[in-house]
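Beneath this line is the structure, given in structure tokens, with notes to follow.
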Amino acid sequence: MAASMGATLILRRVRGPVRIFCRYRYKKKWATSFAAASCPRLALQYFDMNYSAQFGDVWPSVRIGLLSEQKYGALLNNFSSVETVTHALRSLKASDFLHEARAAMTGSPGVMAVSPAETLRTSNLTCYTFPRGDISRFPPARSSALGLLEYYLLDAASLLPVLALNVQPENRVLDLCAAPGGKTLALLMEGCGYLAANDPSISRCNRLRRVLQSYVPREQRTDSRVRVTSWSGTDWPEDAVYDRVLVDAPCTTDRHSLQEEENNIFHRMRRKERQMLPLLQTQLLLSGLRAVAPGGDVVYSTCTLSTLQNECVVERAVGLAAAEYGVHAEVQDLRCLQEIFRKTFSFHLDCRLGELVLPHLTANYGPLYLCKLRRLR
Ligand SMILES: C[S@@+](CC[C@H](N)C(=O)[O-])C[C@H]1O[C@@H](n2cnc3c(N)ncnc32)[C@H](O)[C@@H]1O
């Protein structure tokens, strides 16, 4: 303030400069007088503004879920010996939610006939979760006698995109945004014939490689079975090559943005990057639609609640694929997931396209959006 006392302010007018003495002038310096809002606080303001309009009365309950501790599932490593760990997980009162969904389905033959239910019936995945309302945590995974980790901890809802993809043993699969690799691992456990896993971030790609080394035996990681690349997925060089493509796109990662300061997309230096997300997501989904062969399926998924990054991206990518590349795709009905997994996840009941798992205090998974598209020609 002392420095500004007696300072001279020069105003430029049409007829030339006029000197004004402002002896007691005090200019607030915003950058130093007020601490910058933290990234999670900025994220919460943004979400309150957008999601209260999007979800109406449901938003307060989703908001509490998002701000509370997330639940995890323990995806058993099929490549390792599972008996001892199964026993240990059961003694913690955890149970395999996929097995329970399968058992419940046999009692409703109507559900069994639809394709995601058929996938669940043939799926090789086993994922242990704690019951609804139980917020216990799993201990970190240990190495089995084979030297492989026994399970992978992940948001159990993130298995839905893998199940929706309905991978068959002979399928060639592309995982376009693969790191750190939870879904890649699940895709390999589903037994696909060939998996191309890609992520342009070198550090995240290294994490993906470490995950593969820790969970998949060397003989299953041969070049003829798995390929890891670090390219941008926006201008993908392969056309009509794959039977299945997973586009698990970068997004505002709503839960992370509300809980962690580090690597937060709401940092003011990353504003442009955040604003460009829908465009990046559209380009990635377009790449996925072009990379899959006619008759094949693409699953687009994110971990945000944002309609702009979910349904709008799907609509825009489908429109552009047809208009610019003659690639026609049709959205597939996944509504039966709500019926199959209603005991484990809380679904949004009003999703225009695809399905959305909402965080909820009693089942605190997600957000997880997924939409399945079939390329027609
Ligand atoms: C939601 S994460 C993927 C999580 C992963 N599928 C899993 O299950 O562990 C999104 C990923 O997209 C990657 N990504 C960012 N830009 C990309 C681009 N241009 N092409 C492909 N992937 C990109 C990020 O590096 C990040 O690892």
Of the criteria (1) basic (Lys, Arg); (2) closer than 20 Å to ALA156 by Cβ; (3) at pLDDT 95 or above, which one ARG342 fails: (3)
Determine, yes or no, whether TYR152 is assigned to a strand (DSSP E or B), away from the ligand (no atom under 16 Å from the Cβ), outside the structural domain of THR229 (by TED's automatic domain parsing) and within 24 Å of SER346 (Cβ to Cβ). no
Considering the range 172-191 alone, what residues qualify as being in a loop (DSSP other than H, G, I, E, B), more than 6 Å from the ligand (Cβ to nearest atom) and surrounded by fewer than 24 Cβ atoms within 10 Å (Cβ to Cβ)? GLY191
Could you please let me know if GLY295 is more than 16 Å from the ligand (Cβ to nearest atom) and on the phi > 0 side of the Ramachandran plot? yes
Which residues, taken from the range 208-223, are surrounded by fewer than 16 Cβ atoms within 10 Å (Cβ to Cβ) and either touching a Phe, Trp or Tyr at 6+ places or on another chain (Cβ under 9 Å) or aromatic (Phe, Trp, Tyr) (or both)? PRO217, GLN220
Condition first: part of a loop (DSSP other than H, G, I, E, B) and closer than 29 Å to ALA53 by Cα. Now tell me which residues in the range 297-330 satisfy that. CYS303, THR304, LEU305, SER306, THR307, LEU308, GLN309, ASN310
For GLU311, are the conditions met, namely being under 25 Å from VAL62 (Cα atoms), surrounded by fewer than 14 Cβ atoms within 10 Å (Cβ to Cβ), more than 15 Å from the ligand (Cβ to nearest atom) and touching a residue at least 12 places away in the same chain (Cβ under 8 Å)? no
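Which ones in the range 234-269 are over 29 Å from ARG377 (Cα atoms), within 13 Å of the ligand (Cβ to nearest atom) and outside any loop (DSSP other than H, G, I, E, B)?
ASP254, ARG255, HIS256, SER257
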Does any residue of the range 217-224 turn out to be of a type outside the set (D, E, K, R) and within 14 Å of the ligand (Cβ to nearest atom)? no
Give me the residue from the range 275-292 that is of a type in the set (S, T, N, Q) and within 12 Å of the ligand (Cβ to nearest atom) and, out of that set, nearest to ALA179 (Cα to Cα). GLN281
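The values are calculated or read from the model by the stated rules, or taken from the named source; none is laboratory data. A quick note: this is a predicted structure, and the numbers were derived from the prediction, not measured. Note that each Cβ is placed from the backbone with ideal geometry, even for glycine, and that neighbours are counted across all protein chains shown.
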